[in-house]
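The values are calculated or read from the model by the stated rules, or taken from the named source; none is laboratory data. Worth saying up front: this structure is predicted, and the values here are computed from it rather than measured. Cβ coordinates were reconstructed from backbone atoms using ideal geometry, including for glycine residues, and neighbour counts include every protein chain displayed.
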Amino acid sequence: MPSGSADAAAGPGGPRPPAVELRDVVKAYDQGFRALDGVDLRIERGEFVAINGPSGCGKSTMLHLVAALDTPTAGAVLVDGSDLRTVADLSAYRRNHVGLVFQLHNLLAHQPVLANVELVMFGTPRNAHERRERALDLLGQVDLAGREHRLPGQLSGGERQRVAIARALANDPELLLADEPTGSLDSVSAGHVLELFQAVHAGGVTVLLVTHDHGIAAAADRIIEMRDGRIVDGAPGGGAADAVPAVGPA
């Protein structure tokens, strides 16, 4: 749980608060443009939720606020009952509680994939041996055993995104945030990535996926539709068609 003031609902012996909660969140920019315009959203623990909508609707902005990569103009973003405005060390929050996957994977081009996964574990209690073993285990879980010493440029787009997922899981996050993770992939690679997200979800991690593709969103348990900075609809997703092995904690 991120450090900071906890929501009153999380008192001793009481129910734990939702994984993520947005309360009347506004994100405004110059000339009055509102990327988010009074958004209320509650995501329960262990849910797999997709935020679906066209480019510019505010879905990526929402994800960035939950990741504490940006701050709201008004309203509150709470993670595990803690208002992110009260969290003293946001870098530690991201390192210890959140896994991030972006469309363009953001791997270090001149470092082998093993090092890319290990790097995010610096600053944690794991020693060098434990970091190496954890990285190797995760790369095996995403079907990249034997490719750990290759550079990102020697991998396919789908393989690079699987490295990014392994990196996002390295510190056992409670919350996995993915921003258009299949946007640059072919349909086969996209299917493999979605299977990994479903496996992560099966392991108990809360997953929030942003996509403009309704077919991708259908892999989630719940779909939230956005337009013009507002939530306009919500519906059940398809979820996992078959049981998948859990991916995640060591």
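A few comments on the model shown:
- Subset of the stretch 48-92 (residues that are in a strand (DSSP E or B) and not aromatic (Phe, Trp, Tyr)): 49, 50, 51, 52, 74, 75, 76, 77, 78, 79, 82, 83
- From 204, 215, residue being part of a loop (DSSP other than H, G, I, E, B) and surrounded by fewer than 17 Cβ atoms within 10 Å (Cβ to Cβ): 204
- For residue 205: the one exception among (1) touching an Asp or Glu at 6+ places or on another chain (Cβ under 6 Å); (2) at pLDDT 90 or above: (1)
- Restricting attention to the stretch 105-130, the residues being closer than 19 Å to residue 154 by Cα, surrounded by fewer than 12 Cβ atoms within 10 Å (Cβ to Cβ) and free of Cβ contacts under 8 Å to residues at least 40 places away in the same chain number 0.
- Boolean, residue 145 is hydrophobic (A, V, I, L, M, F, W, C) and part of a helix (DSSP H, G or I): no
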